[in-house]
Amino acid sequence: MTGSRPGRVWSLVAAQAARRGGRVSAADACAAAVAAVQVTGAWLIAAGNGEAGHVMWATDEVSELLAELQLTLGEGPGPDARVRGGPVLASDLGDPGSVRRWPVFAPAAGQAGAAAVFVFPLQVGAIQAGVMGLYRERAGPLSGPQLGDALVFADTATLLLLDAQNQAAGEAAAGSGPGGQPAGLAAHRAEIDQATGMLTEQLGVGIAEAFIRLRAYAYAHDRRLSDLARDIVARRLRLRPDPDPLEDGQP
């Protein structure tokens, strides 16, 4: 039924894919949600069960920064949504409740330009695919219809993301990563994955611990994960088992 909410949402997602000139993907659900739900921007983090996740899509620089902040800090509506398995709606990041709940993320998000953040888990039963996040420059809750639309966009993104994960990477369109991921973000993900792999050798730890160390260093030095990973891959920065890193060229 095209008049139903799911039918209307799917039409918007398909139209977004047509404008992009590619096959319908989870990224299109994320992008189409911005206008439909009347928010400023959106992002998509892909993460399976037990995975830290990576930024798959962001509609603008603020969205990308908000996504990276939560991955770096392990704090915010996104991590909470994954743990709870339900939406986390922060209509005012400046209120005392939000600051108490996310003492580092809330002020950092406000400084980045977000006053409200709404995150929806991408999940089917026990299978987790990631989260979809929306933000607004001004504080305020989603209306009932907006929340209903956002939930359907999240459900649509979930199915498309799971489908993309089952497809061969070679089927992705030229100039994009799997599932319609922009080449820039795909490169960032590759650098983070490569840097994490290098840290397993440098630190003599497993992948999970290596990523924790990468996040911890990024947080302690107020750096973005992608920028830090780029320095490690280029061997401009080397982490040692002790807390102090060595810059390239130091003994």
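Worth a mention:
- Both radii are taken from the alpha-carbon atoms of the range 68-171; with Rh as the Kirkwood radius, Rg/Rh is 1.01.
- Distance between the modelled labels on Arg8 and Asp227, one decimal in nanometres: 4.2 nm (7 Å Cα→Cβ projection).
- Label-point separation in nm, Arg138 to Val104, each point 7 Å along Cα→Cβ: 3.2
- Cα-centre dipole for the range 43-156 with unit charges at Cβ (Lys and Arg positive, Asp and Glu negative), debye to 20: 300
- The range 1-147: relative contact order as a whole-number percent, Cα under 8 Å and 6+ apart: 23
- Pairwise alpha-carbon distances in the range 1-160 exceed 23 Å for 31% of all pairs.
- Its Cα gyration tensor gives the range 13-106 an equivalent ellipsoid, and the semi-axes of that ellipsoid, as √(5λ) in whole Å with the largest first, are 25, 16, 11.
- A cut-off of 5 Å between modelled amide H atoms, ignoring neighbours fewer than 5 places along the same chain, links Gln128 with Asn49.
- Per-residue SASA remark: Asp149, around 10 Å² accessible (1.4 Å probe; ligands, DNA and RNA not included).
- Each label point was placed 7 Å from the Cα along the Cα-to-Cβ direction; for Arg20 and Gln194 their separation is 2.4 nm.
- Per-residue ³J(HN,Hα) for the range 15-27, Karplus 6.51 cos²θ - 1.76 cosθ + 1.60, θ = phi - 60°, Hz, x for Gly and Pro: 5, 4, 5, 5, 5, 6, x, x, 6, 4, 9, 4, 4
The values are calculated or read from the model by the stated rules, or taken from the named source; none is laboratory data. Note that the structure is a prediction, hence the values are computed from the model and not measured. Glycine also receives a Cβ, built like all others from the backbone with ideal geometry; neighbour counts cover every protein chain displayed. These accessible areas exclude ligands, DNA and RNA; they are computed on the full protein's heavy atoms, side chains included. Shrake-Rupley method; radii C 1.70, N 1.55, O 1.52, S 1.80 Å.
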